[in-house]
Amino acid sequence: MEQLMRDFFLFLSKNKSLTKLAKKYGLRFGASRFVAGETIDLAVAKIRELNKNGLSVTIDYLGEFVDNEKEANEMADNSIVAIEAIGKHKLNSQLSLKMTSMGMDISDAVVMRNMTRILDAAKQHNVFVTIDMEDYSRCQKTIDIFKKLREDYDNVGTVIQAYLYRTEKDIDDLNSLHPNLRLVKGAYKESPEVAFPEKKDVDDNYKKIIKTHLLNGNYTAIASHDEAIIEYTKQIVKEHNIPNDQFEFQMLYGIRNERQLELVKEGYKMRVYVPYGTDWYGYFMRRLAERPANVAFVLKGMFKK
Ligand code: FDA
């Protein structure tokens, strides 16, 4: 049943008409639990609050189904607005973005031009940029873009997903770049031909890559709400005397808020992924797919004024 619900929400997340409709009607159905607001000003206010509590942030301007150059350029403009807001308000925040929203599916020239603009602005304001990882069909291309950008920029990192069979090799191949990587389990529906179908195998592979990347001496972001993974990381860093400034935990805005604050109190660096913008629908559906228990919360939201 849970798997059916997951598949259903992932299916809904890809619906273009619903995405457009949701954009028109504003943050609804309890989505504000996971999305900081529709404007940069609302996002800045939320980030200030999080920073005040000792939490670092990575901000994400939401955008789905970018299918022409004009839209990709607008997405890049909005990411630069976010970078400038971080600089202007002296926020403790990085930036996250997706290569499809920068024009990856349109052409190499469009995505590279937009990324160069963004990384130049980010460098000027001392902001680190993480390239989110999308579905398997775009994995190699995303890694290639990251490698190319890494030749000219220090302030860029990417994401590696533990559910893919190829991941261990990617961690090894990227090691020579000493990359700052965010390690995650993976959020998309993938075929068993490319990804571990069993959760236990994903978790085992996740632990393996966390250990490898840390012991390789690289900066590692462990982005998970899973207590077993957090405990495993704590144990590994203790065992191998890895300093607290070589890694950080990351969680999504609105998920396990209390645990986020506890980790700060325990002396760990904790970063919250803060999405904002009018294009909240797909992101919101993926969060429901991850944890169908949140649906009860959404149903309550639907009946609230
Ligand atoms: P998992 O979903 O396996 O849950 C394990 C346990 O965590 C649960 O049993 C429960 O105890 C606890 N838990 C989970 N959700 C909870 C909730 N809502 N409330 C309370 N407890 C909860 N993916 C991707 O493909 N590309 C990307 O670029 C990113 N980027 C990214 C950034 C950040 C900061 C995060 C946190 C995550 C991502 N992800 C991602 C998503 C990631 O791949 C994954 O889908 C989710 O984090 C869910 O997996 P978990 O590791 O959290 O544990």
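Taking the criterion of being surrounded by fewer than 17 Cβ atoms within 10 Å (Cβ to Cβ) and either touching a Gly at 6+ places or on another chain (Cβ under 6 Å) or under 24 Å from MET270 (Cβ atoms) (or both), would at least one residue in the stretch 91-102 satisfy it? Yes.
Applying the criterion of being within 9 Å of the ligand (Cβ to nearest atom), in a helix (DSSP H, G or I) and of a type in the set (A, V, I, L, M, F, W, C) to the residues of the stretch 200-229, the residue that is farthest from ALA43 (Cα to Cα) is VAL202.
Filtering the stretch 232-279 down to residues that are more than 10 Å from the ligand (Cβ to nearest atom), among the hydrophobic types (A, V, I, L, M, F, W, C) and out of contact with any Lys or Arg (no Cβ under 8 Å at 6 or more places or on another chain), which residue is most open to solvent (accessible area, probe 1.4 Å)? The extreme case among them is LEU261. The listed residues are ASP67, ASP77, and the only one of them that is exposed (fewer than 15 other Cβ atoms within 10 Å of the Cβ) and modelled with pLDDT under 95 turns out to be ASP67.
For the stretch 166-196, name all the residues that are of a type outside the set (A, V, I, L, M) and away from the ligand (no atom under 16 Å from the Cβ). Listed by number, the residues that qualify are GLU168, LYS169, ASP172, ASP173, ASN175, SER176, HIS178, PRO192, GLU193.
To keep it simple, each residue is scored yes or no on (1) in contact with a Phe, Trp or Tyr (Cβ under 7 Å, 6 or more places away or on another chain); (2) touching a residue at least 24 places away in the same chain (Cβ under 8 Å); (3) among the hydrophobic types (A, V, I, L, M, F, W, C).
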residue	(1), (2), (3)
ILE145	no, yes, yes
LEU149	no, yes, yes
ASP154	no, no, no
THR167	no, yes, no
LEU214	yes, yes, yes
ALA223	no, yes, yes
ILE230	yes, yes, yes
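Check whether at least one residue in the stretch 118-131 is over 30 Å from ASN53 (Cβ atoms) and either among the small types (Gly, Ala, Ser) or crowded, with 19+ Cβ neighbours inside 10 Å (or both), and report yes or no. Full working, then the answer.
Here is the first cut: in the stretch 118-131, the ones over 30 Å from ASN53 (Cβ atoms) are 120.
Checking the rest, the ones that are also either among the small types (Gly, Ala, Ser) or crowded, with 19+ Cβ neighbours inside 10 Å (or both) come to none.
No.
Yes/no matrix, rows are residues, columns are (1) modelled with pLDDT of 95 or more; (2) farther than 18 Å from ASN218 by Cβ; (3) within 12 Å of the ligand (Cβ to nearest atom); (4) not hydrophobic (A, V, I, L, M, F, W, C):
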position	(1), (2), (3), (4)
ASN114	yes, yes, no, yes
LEU119	yes, yes, no, no
SER137	yes, yes, no, yes
ARG150	yes, no, no, yes
LEU164	yes, yes, yes, no
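Condition test on ILE143, is it within 14 Å of the ligand (Cβ to nearest atom), in contact with a helix residue (DSSP H, G or I) (Cβ under 8 Å, 6 or more places away or on another chain) and assigned to a strand (DSSP E or B)? The answer is no for ILE143.
The values are calculated or read from the model by the stated rules, or taken from the named source; none is laboratory data. Since the structure is predicted, the reported quantities are computational estimates derived from the model, not experimental observations. Cβ: placed from backbone, ideal geometry, glycine included. Neighbour counts: every protein chain shown. Side chains are part of the model used for accessible areas, which takes the heavy atoms of the whole protein and leaves out ligands, DNA and RNA. Shrake-Rupley method; radii C 1.70, N 1.55, O 1.52, S 1.80 Å.
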